[in-house]
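Report on the structure given below.
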Amino acid sequence: MSDSSESELERVSLTVPGELIEELDGVVEELEYPSRSKAARDALRLFLADERWRQGETTQQGSIVVVYNHDAPDVNDELLRLQHGAEEAVVATQHVHFDTHRCLETIVVDGASEKIRRLVDGVRTLDGVETVRFTPV
Ligand code: NI
């Protein structure tokens, strides 16, 4: 995602509401971005990564972050079963014990979008799972 890997930059003209540009400029200043263009390019990349995922790219990399209550019956077994079912796409899993009842699991994935989609959907519907967020890269 670094700009040094970008082959050729093209100048484009966009029509954007003033308040959006104001907010962008605020972020540019706060994060000390070298330019408004660099910030806009980063935002565009994230937008397009999300679109690729929704539009069914054949392969995808990213991380699935799951927060769940481990007291729910079978939730740990089901999480394991789902991940083994998508083993070709699962690169690594990190488990954090948040508090007495809640766990956070980060599943790094790299593989077929269909497998990842099935994994995300399967985890989402498990009893005890509070939130599931897939972040494609
Ligand atoms: Ni735990």
Accessible area per residue of segment 39-100 at 1.4 Å probe, in Å²?
65
Residues with amide H under 5 Å of VAL109's amide H, sequence separation 5 or more or different chain, H placed in the peptide plane at 1.01 Å from N; which?
GLY62, SER63, ILE64, VAL91
Crossing angle, helix 18-30 versus the chain [Cα axis fit, 0-90 degrees, rounded to tens]:
80
Counting as exposed only GluC sites (Glu not before Pro) in DSSP loop states with no more than 12 other Cβ atoms inside 10 Å, the longest exposed-site-free span of the chain is 33-86
Report the FRET efficiency, 1/(1 + (r/R0)^6), for ALA72 and LEU46, where r is their Cβ-Cβ distance and R0 is 41 Å, rounded to 0.05.
0.80
State the percentage of accessible surface on the chain attributable to carbon and sulfur atoms; use a 1.4 Å probe and exclude ligands, DNA and RNA.
51
For helix 113-124, what angle does its Cα long axis make with the longest principal axis of the chain, in degrees from 0 to 90 and rounded to 10?
60
So, with points 7 Å from each Cα along the Cβ direction, the ARG124-LYS38 label distance in nm works out to 3.6
For segment 5-70, with +1 on Lys and Arg beta carbons and -1 on Asp and Glu, the positive-most of THR15, LEU31, SER63 along the dipole
SER63
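The values are calculated or read from the model by the stated rules, or taken from the named source; none is laboratory data. The structure presented is a predicted model; accordingly, all values stated were derived computationally and were not measured. FYI the Cβ positions are ideal-geometry reconstructions off the backbone, even for glycines, and counts take in every protein chain you see. Keep in mind that these areas ignore ligands, DNA and RNA; they rest on the heavy atoms of the full protein, side chains included. Shrake-Rupley method; radii C 1.70, N 1.55, O 1.52, S 1.80 Å.
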